[in-house]
Amino acid sequence: MTAGHWGPAARAGARLIGTALAAALSFAPSPAAGQVLHGSASSFAVQRRFSYRGEVGEQAAVFYGGEGSVRVGPVRFGVSGLAGTFPADSLAPVSAVQVRTTAVTLHVAVSRDLLLGARAEGRRFSADAGVTLWTLVGPDVRFEPEFGLTGLRGLVDVGLLGSSSVRGGPKMSSAVQTTLGATYSPPGTPLQVVLAYRFERYDIGATRRGAERLQQFRGLVLEAAVHVGR
């Protein structure tokens, strides 16, 4: 599904997100003292841009996923997933690509607004040509400054995944993920809304059989979450 086709599937996804949040509000356990629980459903209106041997191609889609995390004292552990399909382009030799991402993060709060940690992510691409697996590992920094309005905070997340690789393929020379946006938690409720712009860049080295290649992913992230605890 491309970003421009908001038909029955997108409406069904929105209903699913609403149902999940309602269930979370009804059944979420009460966190222990010093513990924060976070669960969310998200969408990523993403454009994929890739360059190989001087040729550039683009695909667009909407991915859906979710995240769950627990924070005990200064330590925050999170797990997330995201999946979607880039459609084939009948006007260019580009086949459909199914993408699935699973990530684990671990952060330590060094101040009220700043968290330092690491990210490990697996990404699977499935297309007519076969399956490609990425392993993305590296440090991650998350900054959430207050904006002066109750419940409103900024969001800056940067991951420098220098230990990343393409499994069974060429070496990934660099991998960067950045997210810039804001979060809003209405006072007196456990709800939270996130709106952000996400940009990812991956440089994959040359091999004997192929030249260097570049892949970028960019677009808007919308997230609805339940956030309970102190």
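So here's what we get for this one:
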read-out	value
Residue check for Ala196: over 13 Å from the mean Cα position of the chain (by Cα), crowded, with 17+ Cβ neighbours inside 10 Å and not hydroxyl-bearing (Ser, Thr, Tyr)	no
Test set (1) modelled with pLDDT of 95 or more; (2) crowded, with 19+ Cβ neighbours inside 10 Å; (3) more than 17 Å from Arg119 (Cβ to Cβ) - Thr85 fails condition number	(2)
Condition met for Gly54 (within 12 Å of the chain's Cα centre (by Cα) and surrounded by fewer than 19 Cβ atoms within 10 Å (Cβ to Cβ))	no
Tally, over segment 33-47, of residues that are within 19 Å of Phe217 (Cα to Cα) and buried (at least 20 other Cβ atoms within 10 Å of the Cβ)	4
All positions within segment 90-131 that are of a type outside the set (A, V, I, L, M, F, W, C), over 25 Å from Val36 (Cβ atoms) and surrounded by fewer than 17 Cβ atoms within 10 Å (Cβ to Cβ)	Ser90, Pro93, Ser95, Gln98, Arg100, Gly122, Arg124, Ser126, Asp128, Gly130
Tally, over segment 182-226, of residues that are charged (D, E, K, R) and at pLDDT below 90	4
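So that you can scan it fast, the table gives a plain yes or no per residue for (1) over 27 Å from Arg49 (Cα atoms); (2) modelled with pLDDT of 95 or more; (3) outside any loop (DSSP other than H, G, I, E, B); (4) of a type in the set (Gly, Ala, Ser):
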{"site": "Leu91", "(1), (2), (3), (4)": "no, no, no, no"}
{"site": "Thr101", "(1), (2), (3), (4)": "no, yes, yes, no"}
{"site": "Val104", "(1), (2), (3), (4)": "no, yes, yes, no"}
{"site": "Leu115", "(1), (2), (3), (4)": "yes, yes, yes, no"}
{"site": "Glu121", "(1), (2), (3), (4)": "no, yes, yes, no"}
{"site": "Thr132", "(1), (2), (3), (4)": "no, no, yes, no"}
{"site": "Leu136", "(1), (2), (3), (4)": "no, no, yes, no"}
{"site": "Val141", "(1), (2), (3), (4)": "no, yes, yes, no"}
{"site": "Thr150", "(1), (2), (3), (4)": "yes, no, no, no"}
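The values are calculated or read from the model by the stated rules, or taken from the named source; none is laboratory data. Predicted model, so just to flag it, every value in this text is computed and none were measured. Glycine gets a Cβ as well: all are built from the backbone with ideal geometry, and neighbour counts include every protein chain shown.
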